[in-house]
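The structure appears right after this line, and notes come after that.
The values are calculated or read from the model by the stated rules, or taken from the named source; none is laboratory data. Here the structure is a predicted model, which is why all the values come from computation and not from measurement. Cβ: placed from backbone, ideal geometry, glycine included. Neighbour counts: every protein chain shown. Calculation scope for accessible area: heavy atoms of the full protein, side chains included, ligands and nucleic acids excluded. Shrake-Rupley method; radii C 1.70, N 1.55, O 1.52, S 1.80 Å.
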Amino acid sequence: RAKLDARGTFAFFEAALHAKAQSRRKIEVELRDAIQNDVLRPYYQPLIDLSSGRITGFEALVRWPHAERGMVSPAEFIPVAEETGLINPLGGLMLRRACLDAATWPDDVRVAVNLSPLQFRSGNLLSMVTDALKHSGLPPRRLELEITETLLLEKSAQVLATLHALRALGVRISMDDFGTGYSSLSYLRSFPFDKIKIDQSFVRDLGANREAQAIIRSIVSLGKGLGVTITAEGVETEAELSCLRAEGCDEGQGFLFSKARPNIEIISLLAAQRGIDAADEEDAAMVA
Ligand code: C2E
Ligand code: MG
Ligand code: MG
Ligand code: MG
């Protein structure tokens, strides 16, 4: 009887594992197809300067419009893309498309693109970035590349050399999801980042939670000391925003401002901002 139970349990787990492997396999096949047929698109989420309220740039986030399942979340397919190596072509097309789109935006608006650690091992990241810039005509200073702490975990000389080469192009490097990795902070000494993005888990509950506020305060002061821009991710409420402002955080990103949107909406969003600027200038002229 005990033997039967054990076998039954085993069969159950085996079936669950099998179902999971099958669904991953299905995502892999469909994702390869989506890449080949150029179905994936970047959507853009604004980054807001917290003292002026102005848009400083947009983060490109991959979106997969799926015939049967609607918009598939990157949380579902980025891990599969990383396991299968599909993140390399995916990362390449996001980079090219984001640079092309950003080249049509005003000259003071940047674009941020996420990079997977695997892209650093591919050996062609540097030429991929150089080509995307050249092909789009986007000035390097308008491109930000977001990396995560796991990339620096191995302390690889090749990774550091690539980061330095990218920065020498004039591209900016951001540390994404700050505080969620195995941060020993020592990597902040080994590479000169331009920006640190505080993970949204620290922004959650701000205003109600003293610990969260103390953590934000110390990251902001770390940023000031290092001369690095500090951006808070996942800003959802006015309370979080006013707390971040009070702590002197430079930038914010989150649903409070906007979710990620297709490029066609970005152009009108920026036009509206220019409209507000023009009205402000007229007001100023009338006062003067
Ligand atoms: P991330 O780079 O940290 O991007 C921020 C994520 O937080 C995005 O999720 C964004 O939609 C979400 N978010 C923004 N504001 C809020 C908010 O106020 N509240 C909440 N709850 N969430 C907010 P998304 O688009 O689902 O992307 C998830 C992750 O997938 C990204 O995290 C990034 O790690 C990865 N990813 C997305 N696009 C790419 C890509 O092109 N290449 C690579 N390598 N990774 C990507
Ligand atoms: Mg990011
Ligand atoms: Mg992030
Ligand atoms: Mg995140």
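List nothing, just return the count: lysine pairs in the chain, 8 or more apart or interchain, with Cα separation under 22 Å. Value for the chain: 6.
Percent of C-alpha pairs per 10 Å bin in segment 75-225, short distances first: 10, 37, 35, 17, 2.
Angle of helix 2-36 to the longest C-alpha principal axis of the chain, folded into 0 to 90 degrees and rounded to 10: 50°. Remark on Ile173: its backbone amide H falls under 5 Å from those of Leu145, Asp194, Lys195, a criterion applied only to residues 5 or more positions apart or on other chains, H modelled at 1.01 Å from N.
Sequence-ordered 3J(HN,Hα) estimates for segment 134-141 from the Karplus curve with 6.51, -1.76 and 1.60 and θ = phi - 60° stand at 5, 4, 8, x, 5, x, x, 5 Hz, glycine and proline given as x.
Between Phe178, Pro192, Asn209, the Cα set farthest toward the positive side of the dipole of segment 169-211 (charges on each charged residue's Cβ, about the Cα centre) is that of Pro192.
Over the residues of the chain, the helix contribution to mean residue ellipticity at 222 nm works out to -17000 deg cm²/dmol, using -39500 (n - 2.57) for each DSSP H run of at least 4. Assign one of three labels to segment 135-288, namely rounded, prolate or oblate, based on the Cα gyration tensor with a ≥ b ≥ c the square roots of its eigenvalues; rounded applies when a/c is under 1.5, prolate when it is not and a/b is larger than b/c, and oblate otherwise. Taking the square roots of the gyration eigenvalues as a ≥ b ≥ c, segment 135-288 is oblate. The local environment of Cys99, defined by Cβ-Cβ distances under 12 Å, has a net charge of +2 under the rule Lys, Arg +1 and Asp, Glu -1.
Of the two radii for segment 178-236, the radius of gyration is 0.96 times the Kirkwood radius, both from the alpha carbons; that is the Rg over Rh value. Checking the a/c ratio against 1.5 first, then a/b against b/c, what shape does the Cα gyration tensor give for segment 5-76? In terms of gyration-tensor shape, oblate. Provide the FRET efficiency to the nearest 0.05 for the Ala11-Thr150 pair, computing r from the beta carbons and using R0 = 45 Å. Step by step, r from the Cβ atoms, then E = 0.80. The residues of the chain present an accessible area of 52 Å² per residue when probed at 1.4 Å with all protein chains retained.
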